[in-house]
Each structure stands twice: as structure tokens, then as C-alpha cells.
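Take a look at the structure below.
What follows draws every value from the coordinates through simple rules; no lab data is involved. Predicted model, so just to flag it, every value in this text is computed and none were measured. Neighbour counts are summed over all protein chains in view; Cβ atoms, including those assigned to glycine, are modelled from backbone coordinates with ideal geometry.
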Amino acid sequence: MTTMETGSYGSYTSVARILLTFNNPKLLLLEQPSSNLAYLRPLHAHMIRTHLIEDTFTVSRLIAFCTDPGHSPTLLHYARRVFSQIQNPNTFIYNAMIRAYSASDNPQQSIHLYNQLQCRCLRPDNLTFPFLLKSSTHFASLEMGMQINGQIIRYGFESDVYVQNSLVHMYAASGDLQTAERIFYRISHLDIVSWTSMIGGYNRCGDVRSARQLFDRMPQRNVVTWSIMIRGYARNGHFDQAVNLFRVMKAENVRANETVMVSVISSCAHLGALEQGRRAHDYVVKNNLAVNLILGTALVDMYARCGDSRKAIEVFEQLTERDVLCWTTVIAGLAMHGHAEMSLEYFTRMVETGVMPRDVTFTAVLSACSHGGLVERGFKLFESMREDYKIEPRLEHYGCMVDLLGRAGKLDEAERFIHQLPLKPNAPIWGALLGACRIHRNVEIGERVGKILIELEPGHSGYYVLLSNVYARANRWDQVTELRQNMKDRGVKKSPGYSLIEVDGIVHRFIMGDGSHPEIEQIRAMWEEIALRIRAVGYMGNKSDVLFDIDEEEKESALYQHSEKLAIAFGMMRTGNQTVIRIVKNLRVCDDCHTATKFISKVFDRELIVRDRNRFHHFRQGECSCLDYW
Ligand code: ZN
Ligand code: ZN
């Protein structure tokens, strides 16, 4: 006997058993009929023939069965047909239908059914409202939720614990945290859903502190709660907190799921915390978590952004499924590292496998061309984007093109290109040109562009700094001073530069001029030692950046105040000679730090990898992978 025959034989007996119980509704309750319509239809027909359909209890069991959340939507349509034949449906039957629709693609039907229930002069009960609230949450309609709240008060269910918990969820999910909070603190028996809803609500609005306070007070936590808290940290930029909480989660022996791991791994990517990223990857492997598309893409992104492009490729090649975003991640990762040719190879491979590139994919390939100085290829791709793929360029794409021309020293062409844009150029586009003017020491265009930028974004300190660097490189000190005064008068504050370095799985943050690190004295002494060694082979502090960055009286100590220098000194202090020093910086690397790092890589025979706001710099034997263009 084949398996199939066994299967149908098994089903046949279950139908037979159902048929036997037809005349005994109590038995029907105990039976679990097959969810296949082919078996339900004769059952239904039999109920009509024998008038069992008029028995409210029996028919309610059939409806409850068909609308079970575990069953397919086909059964819901069937339930609706059965429902329409019932002469006097009761509240139980309505609840079953309302519940089913609240979870369906058609949640408005549950509101419709509720209105019908009222027309029939039936009384809703404490189960009716949670389902209705779920529908309004599904719609993300606070107004509808408030109307349901009105109904709850009308029928006197406002102190029902089950209803209250549902109200908390509805208000928190709809963004009315104040009302959610008010109800939350009135509930005598909070369920895990309420706690989780409140925590999720606080995160969603960025209040991670309140979320964490509540999280710590929770009597019981499940993986969903952990996931919401960790994701909340990650989404609101508290990446180190996300990683720390994952550590606590592991210590409490709660098994993480894929969602948690995506948050943890992408937090490691932001922090540039390779060691912790690797540990998270190990956890995924050891716990047999499914490396699905999202988790796989997060891993590729993490390795690329933590400076290990080889591992990023290895993970990418092992993925069984790849969509356009996954391909784009690997292409962008290679571009950031300056591996332009390889990045373009992956692009070609992606197209060959039949995956259509999207606008973000072109941002990635164009930036690969720009980082690699491939002007012609870049222009070809730009044309192909419009002609072959019918993708209208957005400002980011134009920005890449300006960057591309600028890097190649074609500054006039870049300026003309901006003036001819069909869209109004934004600050980053002008910024790309100003950056190029700094590198190519073109004060004439730089001054023009700098003024446009300051007018566009008068509060953005970065553009003042960039323009002052253009002046400083041309020894135009008067203008530097004037610009600095101008910035002071307008009350523009420099955004504090910081650098991150991970040592023994812990991320240390250094802020420019900040002496709060417990080992700051040793770190400064270390920098002195480093500076001595590199000065001996020709390093001179570059005054142009220093001048603008700090106050006069601090000028003396300024050279070792820059956050990446402190981070490098700390890395040299705490790691072995063979260890690659990896640093993540929130701003562009300044000229002086760039030069100093090149010297360090040679004098100490160390590999240093710095990720700044724009790209990666791999320092090896006195050279940087950016070829001094960034
Ligand atoms: Zn610096
Ligand atoms: Zn560099």
C-alpha cells in the first residue's frame, strides 16, 4: 500500500467517525474533523438535511472549527456561507466570525459584523472587544479604536482585565502612549502582551529609557519581549546597548531567534564591532538558526562594514537565496572598501543571474566607480541605468557622478554638471564638489561652492570646516579666521567627532578632547611615544586642520586630541603586534590623522583599518587604500 492510499484511508475513517457523531452534538465537539473542504461539505449537507443547522450549539462548533486561526482563509469563506444560513446566530458565533476577520486581510468585516450583532439586539461580551480592537490595530486607526473604547464603556467592560490588556495594545500600537500608560497602570493583572505592547510603544517613539525601565520590571519575559527591546535599541541608534542586552539574554539562557540576531548583527555593523559580530554569527550557527535572506544580508553587511570584506563575500557565496538587496549589500560593501573592479564584477553577475538592479544598486556601483576612479565606466553605467533599466536618476546618483568627476580632477565639468541637473541640487551634491576642491586645492570653485553650501545649510558645521580646509590648504589664513568668526556668530557648533574601537569584545568610544576614559593618562603617554617615533621619520602635525578645529590655547595639545589618535593609541596599547587595528569614525578623517596613520602603519608595521563617514581606509606599509582621496 502506498503512502497516499494510507493517507486517504486515514481521512476516510475520520470522516466516518464524524458522520457517526452527527446526531450527537456533544460528540461532535470532541471530534477534530479534517480541515479539507471535501470532508466538510458532506458534513454541512448532512446538517442541513437533518435540521442540525438550526441547532445553535452544533452550528457554533462548526463555525468555530472553520474559523480556527490555524486554518486556511478558504475555510473562512466557507464559514461565512454557513454563517449566512443561520437563522439566529448568538454572540458566541459572532465572536468566532469577528475573531476570524480580525486576523484576515479583510478586518473591516469584523466591524461590519459587530454592527450586525447590535442590530440583532445581541449583547457583546468581553471576548468581542479584544477582537474588534485587534481589527482597529490592523488598520492602524486610532479613531476606530477610540470608538470601540466608547462601546466598551457603554457595555460596562472597562474594568475587564482581558479588555484592558487589549486596549493597552491598541493605544500603544496606534501611538497614543499616554492613554496606553494610563490604562496600563490601572490593570490589576497585566499579561505579557500588555508589557510587550508598552515596551514596543516606547521604542517606537524613541523613548528607550522608559522602555528599558519597564523591561527590567517585567516579572516574566519571553523571546518576543527581548526581541522588541533589542530591536528598539538598534532602531534608535543605541547599538552598544543592543549588543549588551543580547549578552544579558544569553546569560539568562533565553534562546534568541532570527529577529533578535538581525538586530544584534546590524548593531555590530554600525559599531564596527567585528569580534562581537563574529560571536553573534557563531551563535547563529551553533543554535541552528535559519540563515534566511534577511539574516544572511545582515551578516554580509556586518562583515563588510566591520572591515572584513573577504568574510562578507564568503558568507554571501554560501547563501542559498539572494534578492536584489542582498546583491546590493555585497556590491556596496566592496565599493566602500575601494574594491571597485570586484564590486562591478558582482554587479555583472547579478544581472546575469536575472536579478533586476534597483536604484540603490546603482548608487552602490556608481560609488564603486567613484572610489576606484573609474570615470568612463561610471558614465556608461549611469547611461545604462536610464536607457536599459528605465530608472530615473535621483539626487544620490547625481551626487555619485559629481564625486566621480571631482575625484578625476574635472572640477569645471563637475560644476557645469550640477548646474545642468534637472533636479534642484541638494547640499550633499555641492558637498561632493567642495570635497573635490579641497583635494585638488581649487580655491576659486571651492569658495563659490562653499558659500552656496553655507547658505543652503547654515547650521551644518561640516561645510564650514570643509571650506576652511580649502582656504587653509591654500594658506588663506585670513579667510579661515573670518569663516570661523562667522560660524561663531551664527552659533554653529561643530558636531563632536568620535571614534570607536573594539578591544576584547568591548567597544570603547573616544570623543575629541574628552579625557573621561579610565586609562586616559596611559593612552596620552602612548600617543606621545607614537608621535615621537613617527616624527623621527618625517611626520609633522598638519596645522591647517588643527587651526580650525580647536581654540588657540588648546593648540599645543590638539594633535593628540583627535578621537582617532586616542583610539589608535589605545589599540596599540592593548593589542598584540599582529592584530589589525580597526576604528570607526563618525566624521571624515582629517588630513593630519590620515597622514599620522600612514606613518604609524609603516613605522610599527601594523595594519590599520579606519571606517569614516564615507568609506574605508586600509593603511598598510605607509600607504592608504584611498590613495589619499576621500
Ligand atoms: Zn583628525
Ligand atoms: Zn585613506
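Within the shell defined by Cβ-Cβ distances under 9 Å, the residues around Ser499 carry a net charge of +2, with Lys and Arg each +1 and Asp and Glu each -1. Segment 121-218 gives an Rg/Rh value of 0.98, both radii derived from C-alpha positions and Rh following Kirkwood. Sorting 273-284, 241-252, 562-573 by average packing, meaning the other beta carbons within 10 Å per residue, from highest down gives 562-573, 273-284, 241-252.
Between amide H atoms placed 1.01 Å from N, distances below 5 Å from Ile391 occur with Arg386, all of them 5 or more places distant or on a separate chain.
Fully extending the segment from Cys121 to Ile294, taken as 0.36 nm per residue of separation minus the present Cα-Cα distance, adds 57.3 nm. Go through Lys250/Lys585; Lys286/Lys585; Lys424/Lys451 and tell me which ones have a Cα-Cα distance over 23 Å in this structure. Those over the limit are Lys250/Lys585; Lys286/Lys585.
Centroid-to-centroid, using Cα positions, segment 395-438 and segment 292-340 are 28 Å apart. Note on Asp207/Arg49: beta-carbon distance plugged into 1/(1 + (r/R0)^6) with R0 of 51 Å gives a FRET efficiency of 0.25. Our Cα-only numbers for segment 558-630 put the radius of gyration and Dmax at 11.0, 30 Å. Note on segment 324-393: Cα-Cα pairs beyond 16 Å make up 38% of the total pair count. Please give the helix 461-473 orientation as an angle from the longest Cα principal axis of the chain, in degrees from 0 to 90, rounded to the nearest 10. Here the helix axis deviates by roughly 20 degrees. Looking at segment 375-429, which chymotrypsin sites (Phe, Trp or Tyr not before Pro) are in a loop (DSSP not H, G, I, E or B) and have at most 12 other Cβ atoms within 10 Å? Within segment 375-429, no chymotrypsin sites (Phe, Trp or Tyr not before Pro) qualify (loop, at most 12 other Cβ atoms within 10 Å).
Amide hydrogen proximity for Arg611: with H placed 1.01 Å from N in the peptide plane, the residues at 5 or more positions away or on another chain lying under 5 Å are Ile583, Val584, Lys585, His617. Gain on full extension, evaluated as 0.36 nm per residue between Val193 and His112 minus their Cα-Cα distance, stands at 26.5 nm. A convex hull fitted to the Cα coordinates of segment 270-366 yields 87 cubic angstrom per residue. Fully extending the segment from Ser495 to Ala525 would add 8.1 nm, taking 0.36 nm per residue of separation and subtracting the current Cα-Cα distance. Amide H contacts under 5 Å for Val503: His508, restricted to partners 5 or more places along the chain or on a different chain, H placed in the peptide plane at 1.01 Å from N.
Charge dipole of the chain (Cα centre as origin; +1 on each Lys and Arg Cβ, -1 on each Asp and Glu Cβ, all else neutral): 1160 debye, rounded to the nearest 20.
Residue order for Asp591, Asp412, Asp504, fewest other beta carbons within 10 angstrom first, comes to Asp504, Asp412, Asp591. Here the chain is treated as a sphere whose radius is the Kirkwood value from Cα pairs; by Stokes-Einstein at 25 °C and 0.890 mPa s it diffuses with a coefficient of 84 µm²/s. Other residues whose C-beta falls under 13 angstrom from the C-beta of Glu252 contribute a net charge of +3, scoring Lys and Arg +1 and Asp and Glu -1. By the rule of a C-alpha distance below 17 Å, with chain neighbours fewer than 8 residues away ignored, the lysines paired with Lys390 are Lys380. Between Ile506 and Asn577, the FRET efficiency from the beta-carbon distance, with R0 = 22 Å, is close to 0.60.
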